[in-house]
1. Dipole size in debye (nearest 20) for region 1-92 around its Cα centre, Lys and Arg Cβ +1, Asp and Glu Cβ -1?
2. With unit charges on the beta carbons (Lys and Arg positive, Asp and Glu negative) and the dipole taken about the Cα centre of the chain, which residue among T215, L131, S148 sits farthest to the positive side?
3. Write down Rg/Rh for region 1-127, rounded to two decimals, with Rg from the C-alpha atoms and Rh from the Kirkwood relation over Cα pairs.
4. I'd like the GluC sites (Glu not before Pro) in region 40-137 restricted to DSSP loop residues with at most 12 other Cβ atoms within 10 Å, sorted by number.
5. Pull out a ≥ b ≥ c, the square roots of the eigenvalues of the alpha-carbon gyration tensor of region 107-169, then state rounded if a/c is under 1.5, prolate if not and a/b is larger than b/c, and oblate in the remaining case.
6. Roughly how far apart, in whole Å, are the Cα centres of region 35-82 and region 176-220?
7. Could you list, in their original order, any pairs among K5/K162; K86/K154; K13/K97; K89/K154; K75/K162 whose Cα atoms are separated by more than 20 Å?
8. Taking a cut-off of 17 Å, what percent of all Cα-Cα pairs in region 25-96 are separated by more than that?
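The values are calculated or read from the model by the stated rules, or taken from the named source; none is laboratory data. Predicted model, so just to flag it, every value in this text is computed and none were measured. As a convention, Cβ positions derive from the backbone with ideal geometry for all residues, glycine included, and neighbour counts pool all protein chains shown. Just so you know, the surface numbers come from the protein's heavy atoms only, side chains and all, with ligands and any DNA or RNA stripped out. Shrake-Rupley method; radii C 1.70, N 1.55, O 1.52, S 1.80 Å.
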Amino acid sequence: MNPIKEGFRFYTKNVEYLLLLSITIVLPLLILHFYLMNYIYLTTSAIFNDTTFADLVNGFFTLLFLIVGQLPFIKFVQSDLEGEEKRVKSAYLSFLKHSFSLYLFGIVYCVLVLLGFTLFIIPGLILMVFLFLTPYISVLDDKPARKSWKSAMKLAKKNFFKLGGIIALVSIVEMIIGLIALYGVSLITNNFGAATVSQILLNVIMLPLLAIMVTFCVIKWRDHLPPANIVVKK
């Protein structure tokens, strides 16, 4: 199984359900992020005449919402592979069940990653990849984040470059599409709101794709782990 191809095929096959989940869960997070960061940038610029603090806060909330926003798509894939009929319902229920636990984990995760980036870029990148799979293990094993991060770190360490490559690939593709979208919007209008809407819609489309590809990778990688490292759900 090629998880990248399988993930893309799964995405196109179930795009209407995935967009429904993304519009109802990811879109509100993105809108909240937009208004929150607008306020913080305006306030810090007025007080300090500098955006460094706002940039750090922006990075914090971007990572935090990424952690939480992936949850329903991980469960949707698992439900589909297990032959469940009510996949969308399971995805919503899983989001409600695990979001608070992973929100708390996400706060710690974001602080550690940003500290790593602030001190030196490489530690931040390593921490980001090492703990990135925690939401996936948490949802797939139906366990809280505090009981999942160690397994997630072991799996990420074993597949560090593969995982980093997937994250980088999707990020680069999203960046390129985003630049093209911004250029297209600029040919029509210079309105800031139109450019913002185009970027929000792009994230609504791309985040499910990233989550699905990584979910297929996690399933494949765990099948290749030694038996002692496989968590058996009772």
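1. With only Lys, Arg, Asp and Glu charged at Cβ, the dipole is about 240 debye.
2. Looking along the dipole axis, the top candidate is S148.
3. 1.06
4. Values: sites: E82, E84, E85; in loops: E82, E84, E85.
Those that pass, being in a loop and sparsely packed, are E82, E85.
5. Oblate, because a/c is 1.5 or more while a/b does not exceed b/c.
6. 15 Å
7. Working: K5/K162 14 Å; K86/K154 32 Å; K13/K97 26 Å; K89/K154 31 Å; K75/K162 22 Å.
Too far apart for the 20 Å limit: K86/K154; K13/K97; K89/K154; K75/K162.
8. 54 percent
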